[in-house]
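Read through the structure below, which is laid out as structure tokens, and then see the notes.
Only the coordinates and a few stated rules stand behind these numbers; no lab work does. As the structure is a computational prediction, the values presented were derived from the model and not from experiment. Every residue, glycine among them, receives a Cβ derived from its backbone with ideal geometry; neighbour counts consider all protein chains shown.
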Number of protein chains: 2
Amino acid sequence: MYRSHNCGALRASDSNKEVTLAGWVQKTRDKGFMIWVDLRDRYGITQLIFDANRTSPKVFEKAKTLGREFVVQVKGTVIERESKNPNMPTGDIEILVTELNVLNTALTPPFTIEDETDGGEDIRMKFRYLDIRRNPVKNNLLFRHKVAQEVRNYLSAQDFCEVETPYLIKSTPEGARDFVVPSRMNEGQFYALPQSPQTFKQLLMVGGMDKYFQIVKCFRDEDLRADRQPEFTQIDCEMAFVEQEDILDTFEGLTRHLLKEIKGIEVDKFPRMTYDHAMKTYGNDKPDIRFGMEFGELNDVAQHKEFAVFNAAELVVGIAVPGAASYTRKEIDNLIDWVKRPQIGASGMVYCKYEADGSLKSSVDKFYDQDDLANWAKATNANPGDLILVLSGPAHKTRTQLSALRMEVATRLGLRKSDEFAPLWVVDFPLLEWDEESARFHAMHHPFTSPKPEDMHLLDTDPGKVRANAYDMVLNGNEIGGGSIRIHDKETQKLMFQHLGFSDEEAKAQFGFLMDAFQYGAPPHGGLAFGLDRLVSILGGQETIRDFIAFPKNNSGRDVMIDAPAAIDNKQLEELSIKLDLK
Amino acid sequence: MYRSHNCGALRASDSNKEVTLAGWVQKTRDKGFMIWVDLRDRYGITQLIFDANRTSPKVFEKAKTLGREFVVQVKGTVIERESKNPNMPTGDIEILVTELNVLNTALTPPFTIEDETDGGEDIRMKFRYLDIRRNPVKNNLLFRHKVAQEVRNYLSAQDFCEVETPYLIKSTPEGARDFVVPSRMNEGQFYALPQSPQTFKQLLMVGGMDKYFQIVKCFRDEDLRADRQPEFTQIDCEMAFVEQEDILDTFEGLTRHLLKEIKGIEVDKFPRMTYDHAMKTYGNDKPDIRFGMEFGELNDVAQHKEFAVFNAAELVVGIAVPGAASYTRKEIDNLIDWVKRPQIGASGMVYCKYEADGSLKSSVDKFYDQDDLANWAKATNANPGDLILVLSGPAHKTRTQLSALRMEVATRLGLRKSDEFAPLWVVDFPLLEWDEESARFHAMHHPFTSPKPEDMHLLDTDPGKVRANAYDMVLNGNEIGGGSIRIHDKETQKLMFQHLGFSDEEAKAQFGFLMDAFQYGAPPHGGLAFGLDRLVSILGGQETIRDFIAFPKNNSGRDVMIDAPAAIDNKQLEELSIKLDLK
């Protein structure tokens, strides 16, 4: 046995016990006749003491050679400390060491193994195994495990069955780009790695499994935007014999359970908001509702005056920033510069201070009088002391810009609190969205999403107006889960593929197995998938998913620690019947 | 709500309740004025009754149109049955139907959806979603979920943390063939899918995670022997600051827990057997010890007589088959034919009947007298009534043949009982094994396995004799798990790679990150991995892992349901900078 206790276990009540500990040297303090060592493992830190008067000279000399991150085993006696440290669980005791074994030495680590490290992102990724020793990363991994375990326990208790679906499947041109895997045994053919187990979970419903879930890796070969990973983890769920309401109830229950068990927070029943309402009110289909600043549309009250910019705009829309009437000219100019950055792309911003005395002062006073501006205040629900910010232009683009601005001022005002949780459902998504590049409609969710029966008649005449039985769970401005009621009959599925521009042959080649399955007694079904990486990072009150992944890849899809991907040898290529075709 | 109850829920105490059920039509019996329908879902079967006197004509007529596997929703009243069925949990009641909705029709299924189906393997694979509706398959999937959940709960309760390791890693030439994934963003380079998370779990130990586990898919591109899958699932585990004994204790504990919770069986402490002993006594490193028939070596008592075959053999070895002295000539000839089949490859078999009266009668009586044969009986621990079977030839080959024969006669005698569980540990595996083809030593376990310190001195002089700190858990003749104490210092790891024929450059290119990691304070560590597919099938008392996998592949690595792998389009190939190179 390498140890009798771990480094987080011992208390004053253990005094006089003979113990064996093992771990890493966090730091040493050598005072000549006394040497203290902080010994660290996953569970905590215990102070060791080597005392020239009480420790054998041999052990004392050896202790002098210890460096940071050496791996050691010690035997000794638990004693109460003279000066206790109330900030450490083991702060009442120390170990008077009688035996010291160096299990492994260590080179000086390339960055400090402390909560606040001096290591930059790149070096920490390269030496990820050292970064994991740091509490912030280690605790994130333990936290992730706890969340996953709670998810499994909750769903299992509700009769969900975790079923493993295959990783070596078939490539489909719809959706994001697949990672593919050449098959050696089937020359010239390829498997694809799943972007999600979508069709398999639907087949499990056809197979009568009724309630399925799986915590599962999924893969997308996309150019990596910030905080996206080529491999990511989903909590994938599906239920049979359900309507949308059953699914929302079930997974709202799961999320409430997690918030309660993991964060100790009780939340009310989730608000439900239509996609249209979310877009109009927040300019965004994943609104952060921890704070207000709902959009006020100003067309009626700001157009038909002399201000040509507004008159020419499809939409004039504003928000009232609480308590920001006191912003200086410089602060406001800074916001104007912010919205004009290429990433946001607004051509300008109008503002109006609603002073505490009730007077209104705008950047366009030339065109609007107090009554006009009072109407702006009314439309944006502004109170005295607020600052009204107004953007104008094409409707969708302007909403998106104002949404970004709303989030930015909320961040500046400290309204996006990481310990506050405001979940909601966004429902009634459009079934299809127009893609300019390919000049055709794409499935907004995926091709298996069921149209709302009452909108089916629009499919031929006005496809963009057809709403889907699709829903997203949104938490603090992030989509943490999304799903839909699925199509479960062959004819509707065929119709759907037609509208997505598939020929019957293509549809059959790609998804024939699913349409065939629908002919053998498919039940009504639906489900959703949560992004576990994102969910965990939000619950953990942090921004980046990378911090919750043990071995993440960088923005070029590389694992810089193991240096992958890498060249493979010619024998492998030959066996796979492929060759390189470099540009 | 599609249903108020599932099809396994209702009892006599629910009589007179108005209920809504949904499910599949298992079968209908139309007696003219009465129609009975068995309605099935995941949870059970409930009998529906349509009665011309009590059911509305419209509903009654609709009931007549129901076919097998139609998906229906019914409303009705729970009534007690006149003739109860004590074999069904819901056998006391039936539903007098008042409303019938056909949710989906069904073509006639290509095989019967019953416990005993008329469908062959191929058709059931193609329509796997229908096969899953059958109780035997469905129950296997539910069973697998239960096992996985118990594993997670047990290990989590012991402070193990489940950490997800990456799927897109780097190809390594050592070991089995990798599946590779061309990288689009890193032209000409490839990821590999993991054969196991071996190096990552070791890095987690270097990172101080201390106790890791993961239920994880692994991939091997090998020609598929019977009952192997290109993707398979491991329970992967690793611990730091442990010796072999700690690991054996921990995972023996896990297995005992599973046997108790899942099967209700308490087993004694697992026997431990060295690899050498297992090979000598059972001819096999995964002995089935549910029964005896231990090997008796007969060189001393059977050589140096007139029988040239035995005299020329490196090894003469036999087993005593209990109670088989009564075998007829035909039965014995059948066994002789069996061992001579090419798969076994014995050139012949000698036998000796130990009659109930104590006399011995062998097939080589010309060369051996009663005293000689009595020595055979003694060496094989034979009792009167047993049949001694003897093979001879090169030692290793002959042991392997006799092991196969031992298993075959045990099967014929019904000694391999699926409800009996005899686990054991096999320990002290050789570190290296000679590979004739490449004319060099290979790591028997993998290159990270630690040699026994006391055998290190043999590494240069007699490498084949070096034993490893490696162990397998064996259950009923199957290796269900295996692992080792790992090397945790750079110098030993370097030495190991040298002995495996790696140049220093190759070792560095492939595993430099691991050897680097060992320089920064690697703790002693070790672990093991269980094959979940196999473990579940043995616990389930069945032979083939395929029956416990939702969507298995066939022996050519194909998913015949979705028809994968498949060709991909040229645009995909081009983006990946590869082209086909067909033979």
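Using θ = phi - 60° in the Karplus curve 6.51 cos²θ - 1.76 cosθ + 1.60, the 3J(HN,Hα) couplings for segment B:446-451 round to 6, x, 9, 6, 7, x Hz; x is entered for Gly and Pro.
Working note: 222 nm ellipticity from helices only, DSSP H runs with n ≥ 4, each -39,500 (n - 2.57), summed and divided by the residues of the protein assembly as shown, gives -8500 deg cm²/dmol to the nearest 500. Please label the shape of chain B as rounded, prolate or oblate, based on the square roots a ≥ b ≥ c of the eigenvalues of the alpha-carbon gyration tensor (a/c under 1.5 means rounded; beyond that, a/b larger than b/c means prolate, else oblate). The shape class here is oblate.
Taken about its Cα centre, the protein assembly as shown carries a charge dipole of roughly 840 debye when the Cβ of each Lys and Arg holds +1 and the Cβ of each Asp and Glu holds -1. Placing +1 on each Lys and Arg Cβ and -1 on each Asp and Glu Cβ, with no other charges, gives chain A a dipole about its Cα centre of roughly 2300 debye. In plain terms, the residue of B:Lys146, A:Lys583 with the fewest other Cβ atoms within 10 Å comes first and the most crowded comes last, giving A:Lys583, B:Lys146.
Axis of helix A:135-157 versus longest Cα principal axis of chain A: the two differ by about 60°, to the nearest ten degrees. Across segment B:198-205, computed HN-Hα scalar couplings (Karplus, 6.51 cos²θ - 1.76 cosθ + 1.60, θ = phi - 60°) run 3, 5, 5, 5, 5, 5, 5, 5 Hz from first to last residue, x flagging Gly and Pro.
Can you give me the C-alpha center-to-center distance between segment B:197-240 and segment A:106-177, rounded to a whole angstrom? Centre-to-centre (Cα) distance: 15 Å. Ranking B:Ala9, B:Phe33, A:Asn153 by how far each Cα lies toward the positive end of the dipole of the protein assembly as shown (charges on Cβ) leaves B:Ala9 at the top.
Look at B:Thr233, A:Thr172 and count the other Cβ atoms within 10 Å of each Cβ; fewest to most, that gives A:Thr172, B:Thr233. Highest-first packing order for the peptide set B:86-93, A:388-395, B:574-581 is A:388-395, B:574-581, B:86-93, based on the mean count of other beta carbon atoms within 10 Å. Taking the longest Cα principal axis of chain A as reference, the axis of helix A:329-340 is set at about 80 degrees. Peptide packing: for A:100-113, A:462-475, the average count of neighbouring Cβ atoms within 10 Å per residue gives the ranking A:462-475, A:100-113, highest mean first. FRET efficiency for the pair B:Glu506 and B:Asn478, taken as 1/(1 + (r/R0)^6) with r the Cβ-Cβ distance and R0 = 35 Å, rounds to 0.50.
The 3J(HN,Hα) values that the Karplus relation (6.51, -1.76, 1.60; θ = phi - 60°) gives for segment A:235-240 are, in residue order, 9, 9, 9, 8, 9, 9 Hz. Gly and Pro appear as x. Helix B:244-263 and the long axis of chain B differ in direction by around 30°, with both axes built from C-alpha atoms. Taken residue by residue and averaged, Cβ atoms of other chains lying within 10 Å of the Cβ of A:127-137 number 5. With neighbours defined as other Cβ atoms within 10 Å of a residue's Cβ, the residues A:Trp376, B:Trp434, A:Trp36 order from fewest to most as B:Trp434, A:Trp36, A:Trp376.
Between B:Arg486 and B:Ser450, B:His525, B:Gly526, B:Gly527, the built amide H atoms are under 5 Å apart, and every one of these is 5 or more places off in sequence or on another chain. Farthest toward the positive end of the dipole of the protein assembly as shown, out of B:His499, B:Ser450, B:Ser56, is the Cα of B:Ser56, where the dipole comes from beta carbon charges about the Cα centre. A straight line joining the Cα centroids of segment B:319-361 and segment B:68-85 runs 58 Å.
For the pair B:Asp337 and B:Leu96, a Förster radius of 41 Å applied to the C-beta separation gives a FRET efficiency near 0.05, rounded to the nearest 0.05.
The label point for B:Lys452 and the one for A:Asp118, both projected 7 Å from the Cα toward the Cβ, are 4.8 nm apart. The charge dipole of segment A:12-104, taken about the Cα centre with unit charges on the Cβ atoms of Lys, Arg (+1) and Asp, Glu (-1), comes to about 240 debye, rounded to the nearest 20. As a length-normalised measure over Cα pairs under 8 Å and 6 or more apart, the relative contact order of segment A:291-412 settles at 36 percent. Under 5 Å from the amide H of B:Glu243 lie the amide H atoms of A:Tyr2, each residue being 5 or more positions distant or on a separate chain, with H modelled from the backbone and absent for Pro and chain starts.
For the segment A:239-246, counting C-beta atoms of other chains within 10 Å of every residue's C-beta and taking the mean gives 4.
Calculated FRET efficiency, A:Glu222 to A:Met34, Cβ-Cβ distance, R0 = 41 Å: about 0.10 to the nearest 0.05.
Take each residue of peptide A:191-204, count the partner chain Cβ atoms within 10 Å of its Cβ, and average: the result is 4.
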